[in-house]
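Quick notes on the structure that follows.
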Amino acid sequence: MTASLEVSGLAFAYPDGHQALFGVDFSVARGERVALLGPNGAGKTTLVLHLNGILTGGAGTVKVAGLPVDRRNMAEVRRRVGIVFQDPDDQLFMPTVREDVAFGPAAAGLKGPELEDRVQRALERVGMAEFRDRPPHHLSFGQRRRVAVATVLAMEPDILVLDEPSSNLDPASRRELADILRSLDVTVLMVTHDLPYALELCPRSLILSDGVIAADGPTGELLSDEELMRAHRLELPFGFDPRSVPAAPARP
Ligand SMILES: Nc1ncnc2c1ncn2[C@@H]1O[C@H](COP(=O)(O)OP(=O)(O)O)[C@@H](O)[C@H]1O
Ligand SMILES: [Mg+2]
């Protein structure tokens, strides 16, 4: 079966010469939920920005459902891979929530009742339907994050990529977002520093460190490996025992 996402030999240097990725290899099967862990500066965001061709031009390949991410396939890749950026304010720029969520589907050609229906469903999924006519900048950070998720869900992607989705959320918002993510029937790759969140949501984790994949395995096993964790500057919250939490159930 074709992998949902396949990254091989991906290396990338920024125009200023700083090399962030040094040959990244992994693949993700359809419907898997995978956490991407790693210290600050490891290259996680740089990797994420390659998954739908926002960054290109380095060595190696990224394939989405077997399609190479290149200029020829860019429209199809961007339809299939939805990225929720680290900062929701990078994603929301319209006068109302409705217009932000409608933006992508409208650009893809949807209009009229079909478009309204798509927007409504995406907002309902994240519990933000009653905020549709509000300006995004009047919402709380957690609400803006949920609207950012809705803008991506409205495109009905096959792969949802989230860059630190639980950062800056209060505990209730963090919990609600976990419930939303669990309810989705898509492939998920989630960058996070929130290790309990990774354990709860993702049966499998990758550790990216200094621009290479340093570990790839069941989340509970990686988090229980103290030496591995220390080597990559990953710290569990005080008193948190990964062995005490049942592993996230894998989906068929
Ligand atoms: N636009 C840029 N220009 C030059 N270097 C960058 C740029 N963005 C990120 N970097 C560098 O690339 C490395 C990886 O960054 P990033 O992918 O943001 O890491 P992470 O998301 O894991 O914290 C870091 O050393 C960072 O300073
Ligand atoms: Mg980052």
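The values are calculated or read from the model by the stated rules, or taken from the named source; none is laboratory data. Model, not experiment: these values are computed from the prediction. Please note: Cβ atoms are built from the backbone with ideal geometry, for glycine as well, and neighbour counts cover all protein chains shown. Only protein heavy atoms, including side chains, enter the accessible area calculation; ligands, DNA and RNA are left aside. Shrake-Rupley method; radii C 1.70, N 1.55, O 1.52, S 1.80 Å.
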Quiz prompt | Residue satisfying all of: in segment 225-252; touching a strand residue (DSSP E or B) at 6+ places or on another chain (Cβ under 8 Å) and in a helix (DSSP H, G or I); most open to solvent (accessible area, probe 1.4 Å) among these | solution = Ala231
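Yes/no matrix, rows are residues, columns are (1) buried (at least 18 other Cβ atoms within 10 Å of the Cβ); (2) of a type outside the set (Val, Ile, Thr); (3) part of a helix (DSSP H, G or I):
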position	(1), (2), (3)
Glu156	no, yes, no
Asn168	no, yes, no
Glu176	no, yes, yes
Tyr197	yes, yes, yes
Quiz item: Out of segment 30-58, which residues are more than 15 Å from the chain's Cα centre (by Cα), open to solvent by 30 Å² or more (accessible area, probe 1.4 Å) and more than 9 Å from ligand 2 (Cβ to nearest atom)?
Solution: Leu55, Thr56, Gly57, Gly58
Quiz prompt | Cross-chain or 6+ apart pairs with Cβ under 7 Å, segment 204-216 first and under 13 Å from Thr192 (Cα atoms) and in contact (Cβ under 8 Å) with a residue 60 or more places away in the chain, then within 14 Å of ligand 2 (Cβ to nearest atom) and assigned to a loop (DSSP other than H, G, I, E, B) | solution = Ile207/Gly38; Leu208/Gly38; Leu208/Ala42; Leu208/Gly43
